[in-house]
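The next block holds one structure in the form of C-alpha cells; read it before the comments.
The values are calculated or read from the model by the stated rules, or taken from the named source; none is laboratory data. Bear in mind that the values here come from a model prediction, so they are computed numbers and not experimental data. No Cβ is skipped: glycine too gets one built from the backbone with ideal geometry, and neighbour counts run over all protein chains shown.
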C-alpha cells in the first residue's frame, strides 16, 4: 500500500486536473484511454499520483519524461534497456513491471530482461546493449563514468545521444526514488 493517499479524480484541484489532462492527452495517452491511467481507487497510477501532490513540479517532471520516452534519439529497445537498468539498480518494482512489459512489446529478448535484473547481460547481448548497460551501471554505482567508457559511448552513439542517455538515467532515477519513497507497488503485487 502506498504511503500517499490516492487523490481521486473527482477531488482534483484545478492544477491537478491540468496535470492529469497533460499526462493523459500528451504522447503517453495517444492510442489509449483515460481509464488506463487510473488506479482502482480512481486516481493516477504509478508515480503520477505522487506528482499530483506538487502539480507544478509534477508537470515539469512529466514533461521531461514525455520528451525522454517519445522525442529522443535512442532507439526504443536501448531506451528501455537503460530504464530497466535504473529500475533494477533502485529495485523500483513498479518501474520494473511497467518497463519490462514495454521492452517485451518492443521485441526485447527475455534473456536480456532477465540478465538486467540479475545484473549480468547474457552473451547474446549486442555491443550497443552492452554499452548502454555498462554505462548506466557504472554511472549508477560509482556516480561517474570513466574517460574510456565515455569515449567509447560517444564513438558508438554520439555526444547528443550520450547526453540524452544521462538525462534519461537521471529522470528514471527520480521516478524510481519517487516510487520507492512512496512505496508504490507494481499492480501484480
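Listed here are the residues, each with its yes/no results for (1) over 15 Å from the mean Cα position of the chain (by Cα); (2) in the same structural domain as residue 18 (by TED's automatic domain parsing); (3) within 20 Å of residue 94 (Cβ to Cβ); (4) buried (at least 16 other Cβ atoms within 10 Å of the Cβ).
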position: 39; (1), (2), (3), (4): yes, yes, yes, yes
position: 42; (1), (2), (3), (4): yes, yes, yes, no
position: 45; (1), (2), (3), (4): no, yes, yes, yes
position: 48; (1), (2), (3), (4): no, yes, yes, yes
position: 51; (1), (2), (3), (4): no, yes, yes, yes
position: 56; (1), (2), (3), (4): yes, yes, no, no
position: 61; (1), (2), (3), (4): no, yes, yes, yes
position: 65; (1), (2), (3), (4): no, yes, yes, yes
position: 82; (1), (2), (3), (4): no, no, yes, yes
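Among the candidates 108, 161, the residue that is outside any loop (DSSP other than H, G, I, E, B) and either touching a strand residue (DSSP E or B) at 6+ places or on another chain (Cβ under 9 Å) or not assigned by TED's automatic domain parsing to the domain that holds residue 50 (or both) is uniquely 161.
Is it the case that segment 178-187 has a residue that's at pLDDT below 95, surrounded by 14 or more Cβ atoms within 10 Å (Cβ to Cβ) and assigned to a loop (DSSP other than H, G, I, E, B)? Within segment 178-187, one or more residues are at pLDDT below 95, surrounded by 14 or more Cβ atoms within 10 Å (Cβ to Cβ) and assigned to a loop (DSSP other than H, G, I, E, B). Here residue 155 meets the list (1) loosely packed, with under 15 Cβ neighbours inside 10 Å; (2) not in a helix (DSSP H, G or I) almost entirely, failing just condition (2). Scanning segment 121-142 for residues that are under 21 Å from residue 179 (Cα atoms) and surrounded by fewer than 15 Cβ atoms within 10 Å (Cβ to Cβ) yields one hit, 141. Please give the number of the condition residue 101 fails out of (1) without any contact (Cβ under 8 Å) to a residue 24 or more places away in the chain; (2) within 15 Å of the chain's Cα centre (by Cα); (3) surrounded by 18 or more Cβ atoms within 10 Å (Cβ to Cβ). Of everything listed in (1) without any contact (Cβ under 8 Å) to a residue 24 or more places away in the chain; (2) within 15 Å of the chain's Cα centre (by Cα); (3) surrounded by 18 or more Cβ atoms within 10 Å (Cβ to Cβ), residue 101 misses just condition (3). Looking at the structure I just gave you, is residue 118 within 22 Å of residue 96 (Cβ to Cβ), surrounded by 18 or more Cβ atoms within 10 Å (Cβ to Cβ) and modelled with pLDDT of 95 or more? So residue 118 does not fit the description; no.
In this structure, residue 163 does not qualify as out of contact with any helix residue (DSSP H, G or I) (no Cβ under 6 Å at 6 or more places or on another chain) and over 15 Å from residue 82 (Cβ atoms).
Is it the case that some residue within segment 130-152 is within 15 Å of residue 87 (Cα to Cα), free of Cβ contacts under 8 Å to residues at least 24 places away in the same chain, assigned to a helix (DSSP H, G or I) and under 20 Å from the mean Cα position of the chain (by Cα)? Reasoning before the result, please.
Residues of segment 130-152 within 15 Å of residue 87 (Cα to Cα): 132-141.
From what's left, free of Cβ contacts under 8 Å to residues at least 24 places away in the same chain: 134, 138.
Restricting the remaining residues to those that are assigned to a helix (DSSP H, G or I) gives 134, 138.
Next cut, under 20 Å from the mean Cα position of the chain (by Cα) only: 134, 138.
Looking through segment 130-152, at least one residue is within 15 Å of residue 87 (Cα to Cα), free of Cβ contacts under 8 Å to residues at least 24 places away in the same chain, assigned to a helix (DSSP H, G or I) and under 20 Å from the mean Cα position of the chain (by Cα).
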